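The structure under discussion appears below in the form of C-alpha cells.
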Amino acid sequence: MQIPYGEEQKEEQGSKLAIQQYSLRVAAQTGHFWILLGMFFALGYCIWAIQVHIVPLAEVDRWLTRHQAAGKALDPKIYAGLFWLKSRDFFST
C-alpha cells in the first residue's frame with residue numbers, strides 16, 4: 001500500500017505505524033551520516049590504483065598504443081605532458 005507524500009499512514013489492525021520524514025539537514029546532524037560519508041570517501045580513495053611507469057620517450061607511442069588496445073584508462077594529463085615535451089623538443093641533441 002502506497003501513501004501519498006506528506007500524509008501519515010493510518011493505524012491498521014491496532015498497530016501504530018508512523019512514517020518518519022528525513023531531510024539532508026536532519027541527517028547531517030546525526031553521527032551516523034558523518035561515519036557513512038567518511039567510509040564512502042575512504043572506500044573511493046582506496047579503489048584508485050595509480051601505477052607509475054617509466055617509459056623511454058622514444059618508446060612512448062608504442063607503449064600508449066599497447067595500453068589503449070588493452071582497454072586501460074589513461075589520464076588526459078599524460079597526453080598533454082607528452083605534447084608539451086615534444087613541442088619543446090627537450091630531448092633532441
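The values are calculated or read from the model by the stated rules, or taken from the named source; none is laboratory data. Fair warning: this is a prediction, and the values are worked out from it, not measured in the lab. Here Cβ is always computed from backbone atoms with ideal geometry, including for glycine, and neighbour counts include all displayed protein chains.
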What are the pairs, 6+ residues apart or on separate chains, where a residue within the range 23-44 that is surrounded by 10 or more Cβ atoms within 10 Å (Cβ to Cβ) has its Cβ under 6 Å from a residue that is at pLDDT 80 or above and in a helix (DSSP H, G or I)?
Ala27/Phe33
Within the range 4-37, of all residues that are β-branched (Val, Ile, Thr) and modelled with pLDDT of 70 or more, the one nearest to Leu74 (Cα to Cα) is Ile35
Restricting to the range 38-93, name every residue that is modelled with pLDDT of 80 or more and of a type in the set (Val, Ile, Thr).
Val52, Ile54, Val55, Val60, Thr65, Ile78
